[in-house]
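Student: I have a structure I would like to understand better, so I am pasting it below and will then ask my questions one at a time.
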């Protein structure tokens, strides 16, 4: 009778995954489905990147609103910086 049959854990100790008499790693159905799902996502990403989503007419001026918001934020930052007193130096 093998000692591993009596032990609570069902395997023998040691490195099972390397060596001459290594155990086979079985791929589960869930792992296969996950890999297929990831490959489908990658294929969809490649398809979307290969063809542009917007046309040249739609692309023209699409970032004007973003630039306007950025300019407004910079103006607010400049106004806040103007409220601070000037630097004082040791020579003063």
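Student: Quick one: how many residues across segment 1-19 are part of a loop (DSSP other than H, G, I, E, B) and either loosely packed, with under 10 Cβ neighbours inside 10 Å or at pLDDT 95 or above (or both)?
Tutor: Residues flagged as part of a loop (DSSP other than H, G, I, E, B) and either loosely packed, with under 10 Cβ neighbours inside 10 Å or at pLDDT 95 or above (or both) within segment 1-19 amount to 12.
Student: Would you confirm whether any residue within segment 37-55 is modelled with pLDDT under 90 and either touching a strand residue (DSSP E or B) at 6+ places or on another chain (Cβ under 8 Å) or on the phi > 0 side of the Ramachandran plot (or both)?
Tutor: No, that holds for no residue.
Student: Which residue is nearest to the chain's Cα centre (by Cα), if the candidates are limited to segment 47-66 and must be part of a helix (DSSP H, G or I) and surrounded by 10 or more Cβ atoms within 10 Å (Cβ to Cβ)?
Tutor: So the residue we want is 48.
Student: Here is a further query. Test residue 22 against the criterion of being part of a helix (DSSP H, G or I), without any contact (Cβ under 8 Å) to a residue 60 or more places away in the chain and surrounded by 10 or more Cβ atoms within 10 Å (Cβ to Cβ), and give yes or no.
Tutor: Considered against the rule, which asks whether it is part of a helix (DSSP H, G or I), without any contact (Cβ under 8 Å) to a residue 60 or more places away in the chain and surrounded by 10 or more Cβ atoms within 10 Å (Cβ to Cβ), residue 22 comes out as no.
The values are calculated or read from the model by the stated rules, or taken from the named source; none is laboratory data. Given the structure is predicted, the values throughout are model-derived calculations rather than measurements. Glycine also receives a Cβ, built like all others from the backbone with ideal geometry; neighbour counts cover every protein chain displayed.
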